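Following: one structure in structure tokens, then a few remarks.
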Amino acid sequence: MKSYEVNFDGLVGPTHNYGGLSYGNVASQSNSQQSSNPKEAALQGLAKMKALMDMGFQQGVLAPQERPDVAALRRLGFAGSDAEVIQQAAKEAMPLLVASCSASSMWVANAATVSPSADTADGRVHFTAANLNCKYHRSIEHPTTSRVLAAMFADSKHFAHHSALPAVAQFGDEGAANHTRFCRAYGEAGVEFFVFGRSAFDTRYPAPQRYPARQTLEASRAVARLHGLKEEGVVYAQQNPSVIDQGVFHNDVIAVGNGEVLFYHEDAFLETDKMLAELTSKLAKVGGKFQAVCVPRSAVTVDDAVRSYLFNSQLLSRADGSMLLIVPEECRSNERVWQYLQSLTGSGGVIREVKVFDLKQSMQNGGGPACLRLRVALNETELAAVNPGVIMTAPLYESLTQWVERHYRDRMTENDLADPQLLLECRAALDELTQILKLGAVYPFQIN
Ligand code: SUG
């Protein structure tokens, strides 16, 4: 049976703004308070989805969330009408209003961890929503994420959904940003690679000193258990704490894998040789030939990687077996990175082509091409069971583009977030979106 990797991209929500909310994420911190352009952000994301679809890849779309999250503000004690809740928060606790307005759900690599049916004990595709509990503004995403995923992958014969892990730092889980899967073909059993930043219970593991390690080993193990993965089909590795301290807040900022290939920076992991040997032998047991493409620090420094997001690229398999790298514009403007990419594609290795996309609006908050997509490997039958409303087509691209043009503002600052009118605009837009994507009622304002 045919199988595919389907990339579901997060549609940027109408409140996209630079809130400076993510300590440890250099771009988020350094662009704090700048004015943003939600319309441009959404159109940049849609252009990438359309381009990948036009190249023949399977592409889907994941809806944004209801923001401002008035219900979350009410849980923090703000009361009155919706407008009063927003105004009171703006007056008394602006950072909380900003957090409740974040469009951070666009980075759907953090929405969930997904295990394809070929790896799981019950032969279904498993999803665990990420609790994202390291940052308040992200910790409020998972209830809606779960409803949206359930509306997209509704058929329980093929799809199993797990709610987020316990909402404590010891089970900090950031989803697919710290998870990659190696395989010979998407429909065959593979090796799932979980990368953690620290252990919550075992003090023998080192931890970063400056910035938080968002993913714990215990969370990764829990997800593997929930999904029914076999020990011989899983590899755990620890992120090098020193790269976390240099701004690598997720592993997908320093490594990306696809098929039999891991593309990574020399400094990305601890005990790299042991990890590579385990990946090689476990992939060999399912008939695959693991291939490591290591970028030496002499060619690209960790700082270059963090600034350019070279590794936050999408590594895609082409029909002839070679691979294509989708990188952000920032890679082209970094001379060393661009030079490295030229030598990589010219070297006769598996990665043959690089395509550049302008995703500046998202990049300025630390989200590159790979952050914007959730990969779901599906066989033909499973793909046919996905809600067809969320699969990208030329007409869907047209209607989403027009929807953005109709509803989005082209400038957003803190003052705009304090405007109660924004809430009404967003709800009107999202209500229409759920009809376009045929999701049913998924937002708090639609179900309460
Ligand atoms: O969690 N930025 C996100 C970026 C997530 C990128 N995702 C992956 N690497 N997969 C984060 O730090 C910034 C929001 C703000 O500051 O307004 C933010 O949440």
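The values are calculated or read from the model by the stated rules, or taken from the named source; none is laboratory data. Everything quoted here is computed from the prediction, not taken from an experiment. Ideal geometry is used to build each Cβ from the backbone, glycine not excepted, and the neighbour counts take in all protein chains shown.
Annotations
- Only one of Ser28, Ser36, Ser32 that is surrounded by fewer than 17 Cβ atoms within 10 Å (Cβ to Cβ) and not basic (Lys, Arg): Ser32
- Scanning the range 372-415 for residues that are under 30 Å from Ala93 (Cα atoms) and free of Cβ contacts under 8 Å to residues at least 40 places away in the same chain yields a total of 1.
- Filter pass, Gly56 being modelled with pLDDT of 95 or more, closer than 30 Å to Arg210 by Cβ and not in a strand (DSSP E or B): no
- Apart from one condition, Ala189 fits all of (1) touching a residue at least 60 places away in the same chain (Cβ under 8 Å); (2) part of a loop (DSSP other than H, G, I, E, B); (3) of a type outside the set (S, T, N, Q); (4) in contact with a strand residue (DSSP E or B) (Cβ under 9 Å, 6 or more places away or on another chain); the exception is (4).
- Residue that is under 22 Å from the mean Cα position of the chain (by Cα), under 26 Å from Glu5 (Cα atoms) and not acidic (Asp, Glu), where the choices are Gly257, Gly247, Gly288: Gly257
- Some residue of the range 71-87 being hydrophobic (A, V, I, L, M, F, W, C), within 18 Å of Tyr408 (Cβ to Cβ) and either under 18 Å from the mean Cα position of the chain (by Cα) or away from the ligand (no atom under 15 Å from the Cβ) (or both): no
- Listed by position, the strands (runs of 3 or more DSSP E) contained in the range 309-406 that have at least 3 residues being within 16 Å of the ligand (Cβ to nearest atom) are 323-328, 373-379.
- Filter result for Glu66 (in contact (Cβ under 8 Å) with a residue 12 or more places away in the chain, among the charged types (D, E, K, R), more than 12 Å from the ligand (Cβ to nearest atom) and part of a loop (DSSP other than H, G, I, E, B)): yes
- Where Tyr23 falls short, out of the listed (1) within 14 Å of the ligand (Cβ to nearest atom); (2) in a loop (DSSP other than H, G, I, E, B); (3) within 21 Å of Asn415 (Cβ to Cβ): (3)
- Residue match in the range 310-326 (condition: over 30 Å from Ser3 (Cα atoms) and either buried (at least 21 other Cβ atoms within 10 Å of the Cβ) or free of Cβ contacts under 8 Å to residues at least 40 places away in the same chain (or both)): no
- Residue in the range 166-183 that is assigned to a helix (DSSP H, G or I) and surrounded by fewer than 19 Cβ atoms within 10 Å (Cβ to Cβ) present: yes
- Condition check for Lys157: touching a residue at least 40 places away in the same chain (Cβ under 8 Å) and within 26 Å of Phe445 (Cβ to Cβ): no
- Check on Val293, away from the ligand (no atom under 16 Å from the Cβ) and over 30 Å from Ala151 (Cα atoms): yes
- Some residue of the range 95-105 being closer than 26 Å to Arg221 by Cα and modelled with pLDDT of 95 or more: yes
- Considering only residues in the range 213-253 that are in contact with a helix residue (DSSP H, G or I) (Cβ under 6 Å, 6 or more places away or on another chain) and assigned to a loop (DSSP other than H, G, I, E, B), the one that is nearest to the ligand (Cβ to nearest atom) turns out to be His250.
- Cβ-Cβ under 8 Å pairs, at least 6 apart or on other chains, the range 26-40 side closer than 23 Å to Gln246 by Cα, far side within 8 Å of the ligand (Cβ to nearest atom) and outside any loop (DSSP other than H, G, I, E, B): none
- With respect to the conditions (1) in contact with a Phe, Trp or Tyr (Cβ under 6 Å, 6 or more places away or on another chain); (2) more than 16 Å from the ligand (Cβ to nearest atom); (3) of a type outside the set (A, V, I, L, M), His179 lacks only one, and its number is (2).
- Residue in the range 156-176 that is of a type in the set (Lys, Arg) and in contact with a Phe, Trp or Tyr (Cβ under 9 Å, 6 or more places away or on another chain) present: no
- Residue in the range 29-51 that is within 26 Å of His161 (Cβ to Cβ) and either touching a Ser or Thr at 6+ places or on another chain (Cβ under 8 Å) or modelled with pLDDT under 95 (or both) present: yes
- Among the conditions (1) within 12 Å of the ligand (Cβ to nearest atom); (2) among the aliphatic types (A, V, I, L, M); (3) part of a loop (DSSP other than H, G, I, E, B), the only one that Met1 does not satisfy is (1).
- Selection status of Pro14, touching a strand residue (DSSP E or B) at 6+ places or on another chain (Cβ under 6 Å), within 16 Å of the ligand (Cβ to nearest atom) and under 30 Å from Pro388 (Cβ atoms): no
- Among the residues making up the range 293-323, those that are hydrophobic (A, V, I, L, M, F, W, C) and within 15 Å of Leu341 (Cα to Cα) are Val293, Cys294, Val295, Ala299, Val300, Ala305, Leu310, Phe311, Leu315, Met323.
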